[in-house]
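Accompanying notes for the structure given below.
The values are calculated or read from the model by the stated rules, or taken from the named source; none is laboratory data. Since this is a predicted model, take the numbers as computed values, not measurements. Glycine gets a Cβ as well: all are built from the backbone with ideal geometry, and neighbour counts include every protein chain shown.
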Amino acid sequence: MRSKSGILLHAIGLVLIIAFSLFPFYWMVSSSFKTQAQILASPPQWFFTPTLQNYADIFADAKVVNAIINSLIVATSTTLLAVALGTPAAFALARYEFKGKSDLWFWFISNRMTSPIVLALPVYLIAMYANLLDTHIVLILIYLTFNVPIVVWIVTDQFKSIPPDLEQAARLDGADQFTIFRKIYLPLGAPGIAVSAIFSFIFSWNELLYALVLTRRNVQTAPVVATSFMSGYELPWGKIMATGTVIVLPVTIFALIVSRHMVRGLTMGATK
Amino acid sequence: MSFLQLDTIKKTYGDVSVIKGVSFAAAKGEFVVFVGPSGCGKSTLLRMIAGLEDVTEGHLYIDGKDVTYEEPAKRELSMVFQSYALYPHMSVFENMAFGLRMAKVPEAEIKTRVTEAARILHLEPLLDRKPRALSGGQRQRVAIGRSIVRHPKIFLFDEPLSNLDAELRTQMRVEIAKLHRDLGTTMVYVTHDQVEAMTLADRIVVLRAGLVEQIGTPTELYDRPANTFVAGFIGSPKMNFIKASVTGVGSGSLTLANPSFVGGTLSVETVSTGRVKAGDTVIVGLRPEHLELNAAQPLLSLTLDFAENLGGATQLYSRSEGDIVAIVVHGRPDVKPGDTLRVGIEGRHIYLFDANGLAL
């Protein structure tokens, strides 16, 4: 039993952490409803009459709308493909012994050890020779190289925590490997799959470097467009913040939808 | 031909030999128990029958068919795991129906069979629950139910009761015995608990270090253990062993010497006089429940160490000259630590083993 002062300190700590992490978010959202003068006012204006002008401006801009659609296409396709390709790989790595397994495992992890900028030029050249510059496909492919390892990594761990007895019981029940994967491992691995899907989505949605290097006009993604406001002689803070808010929304919604699968103790009751 | 036959089955993991050649046959409807200490290979053997472990050498036949390399599902067996291995994301009904769905049994038939199994195992009110909402005993029943619905040729049980508390274990033991009586299916049951082995088995296979020590009915193993290992394993508390030297070999009797014996010597009737000679060491086996206090013709003179009152019976731990002897007596004898006990036994209850532990 914790003391009352302990609980109070705990609560204060939590409030501070929440305030610290949410304040920038608050600043972005509130600024998106301010005029340029209100944003630049010092001291900051805590109370103001909100305006929707910034949103009207960005949604009137075909570039922004297109960018968001592009981002949605790229992030959704990447996430779906990463999960579809990564989970069977994770199943194999978690449950089978085969030659070169540990090397393969290391390769999956080491994929994330390289700094993306190191590969930017070679990737650009490959994309150019393959005539893939400024297409959705090139972004999806390059994001998959980052996201499949993440899915494999997280989901393998999740699959390993499923008692092997369950698989053997299913084998005796007459289930083949694919059925075991589909009926036992996928539902029980849902928390890990959900986490890895969120990571995939966020990564693909936020990625800036490759999006900047590999796209021109047609498939610019949202982060690329948001930064493009920063060129020229003025900084339209209101539009930047409004774009930022719009960019954050889909990720938040996606995370909320998926997070209901992130319940712990899903395998409880399988074994004593 | 036997219903289940193991023909010099061997299992090795790399250089480690786990099962070193087990041959055994069970008749249809028989309840066979594999018993032995942990690490003896009994679970591995069961999993080889199930098809979950490969057979390194030897052959396995079920119902006259060689299934050594057959897929687990095609062997038409079902297994109750020590951990139950219930599918946690499925309801009790779905857990039991899973195997039938895999076998593409019609939905109406699935419903009939699951309902029937649920009735037998008193699971009817729980069919919609998930395993996590069940108690240990209920999970155990579901695991058994999942086996029953498939109408397997053989039931395999891998230490199914070891996760239950003592009371529930006794209750489930009785239920499994009833189930065997009602279904009449061949059952192979693995346990390290000799009480489960004695009470459930038609025949017991005693294993040690990957080898069969003895196969027989519970009574045979209790009355005529092949060696000191089986003698010590079957029966609780375990048999007392006292080493003695042979001082005289008569026709149909041996004279043995040990300071614990009253008068220093003991004459035992045996038919195996030809296998020992004077000067040999033999092991005398005495079951605690056969020993009696205040015998008219005492055989051992012992000092009481301490007594455990079990209510209806008392366990006495006594010693003499380095031998520790346990005695079980009915009621509560009026003795206290330090007392000298004069203990007797009927001649027919004396077991004799040679120096290597083999029965004489």
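Going through the range B:136-152 one residue at a time, which ones are at pLDDT 90 or above, more than 18 Å from A:Gln168 (Cα to Cα) and not basic (Lys, Arg)?
Those that are at pLDDT 90 or above, more than 18 Å from A:Gln168 (Cα to Cα) and not basic (Lys, Arg): B:Gln138, B:His151.
So, B:Gly41, is that one at pLDDT below 95, in the same structural domain as B:Pro160 (by TED's automatic domain parsing) and more than 20 Å from B:Ser17 (Cβ to Cβ) or not?
No; evaluated as a whole, the condition is false for this residue.
Given the conditions (1) closer than 18 Å to B:Ile154 by Cα; (2) crowded, with 23+ Cβ neighbours inside 10 Å; (3) in contact with a Gly (Cβ under 8 Å, 6 or more places away or on another chain); (4) not basic (Lys, Arg), which single one is not true for B:Leu86?
The failed condition is (1).
Is at least one residue of the range B:272-291 more than 25 Å from B:Glu220 (Cα to Cα), touching a helix residue (DSSP H, G or I) at 6+ places or on another chain (Cβ under 8 Å) and at pLDDT below 90?
Within the range B:272-291, not a single residue is more than 25 Å from B:Glu220 (Cα to Cα), touching a helix residue (DSSP H, G or I) at 6+ places or on another chain (Cβ under 8 Å) and at pLDDT below 90.
Per-residue answers, yes or no, for (1) touching a helix residue (DSSP H, G or I) at 6+ places or on another chain (Cβ under 9 Å); (2) at pLDDT 90 or above:
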{"site": "A:Leu188", "(1), (2)": "yes, yes"}
{"site": "A:Arg216", "(1), (2)": "no, no"}
{"site": "A:Pro223", "(1), (2)": "yes, no"}
{"site": "A:Thr245", "(1), (2)": "yes, yes"}
{"site": "A:Val248", "(1), (2)": "yes, no"}
{"site": "A:Val251", "(1), (2)": "yes, no"}
{"site": "A:Phe254", "(1), (2)": "yes, no"}
{"site": "A:His261", "(1), (2)": "yes, no"}
{"site": "A:Met268", "(1), (2)": "yes, no"}
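Mind listing just one residue for me: the one in the range A:152-169 that is hydrophobic (A, V, I, L, M, F, W, C), assigned to a helix (DSSP H, G or I) and more than 7 Å from chain B (Cβ to nearest Cβ) and, of those, surrounded by the most Cβ atoms within 10 Å (Cβ to Cβ)?
Step by step, filter the range A:152-169, then rank; the result is A:Val155.
Quick check: is even one residue across the range B:104-126 crowded, with 20+ Cβ neighbours inside 10 Å, within 21 Å of A:Ala175 (Cβ to Cβ) and at the interface with another protein chain (Cβ under 10 Å from one of its Cβ atoms)?
no
Given the criterion surrounded by 14 or more Cβ atoms within 10 Å (Cβ to Cβ) and touching a strand residue (DSSP E or B) at 6+ places or on another chain (Cβ under 6 Å), identify the matching residue among A:Leu104, A:Leu141, A:Leu172, A:Leu132.
A:Leu172
How many residues does the range B:65-76 contain that are at pLDDT 90 or above and facing chain A (nearest Cβ under 7 Å)?
Total satisfying the criteria: 1.
Which ones in the range B:78-100 are in contact (Cβ under 8 Å) with a residue 60 or more places away in the chain and at the interface with chain A (Cβ under 7 Å from one of its Cβ atoms)?
Result: B:Ser78, B:Met79, B:Phe81, B:Ser83, B:Tyr84, B:Leu86.
The conditions are (1) modelled with pLDDT under 90; (2) in contact with a Ser or Thr (Cβ under 8 Å, 6 or more places away or on another chain), and B:Lys243 fails exactly one of them. Which is it?
All conditions pass for B:Lys243, except number (1).
Looking at the range A:41-76, which of its residues are part of a helix (DSSP H, G or I), among the small types (Gly, Ala, Ser) and farther than 16 Å from A:Asp134 by Cα?
Listed by number, the residues that qualify are A:Ala56, A:Ala60, A:Ala62.
State which residue pairs qualify: first residue within 11 Å of chain A (Cβ to nearest Cβ) and inside the range B:134-159, second residue of a type in the set (D, E, K, R) and buried (at least 24 other Cβ atoms within 10 Å of the Cβ) in any location, beta carbons under 8 Å apart, and separation of 6 or more residues or different chains.
B:Arg146/A:Asp173; B:Arg150/A:Asp173
Is one or more of the residues making up the range A:1-10 part of a loop (DSSP other than H, G, I, E, B), charged (D, E, K, R) and farther than 12 Å from A:Trp237 by Cα?
yes
Assess whether A:Ile180 counts as being in contact with a helix residue (DSSP H, G or I) (Cβ under 7 Å, 6 or more places away or on another chain), surrounded by 23 or more Cβ atoms within 10 Å (Cβ to Cβ), within 14 Å of chain B (Cβ to nearest Cβ) and not aromatic (Phe, Trp, Tyr).
Here the answer is no, as A:Ile180 does not meet what is asked.
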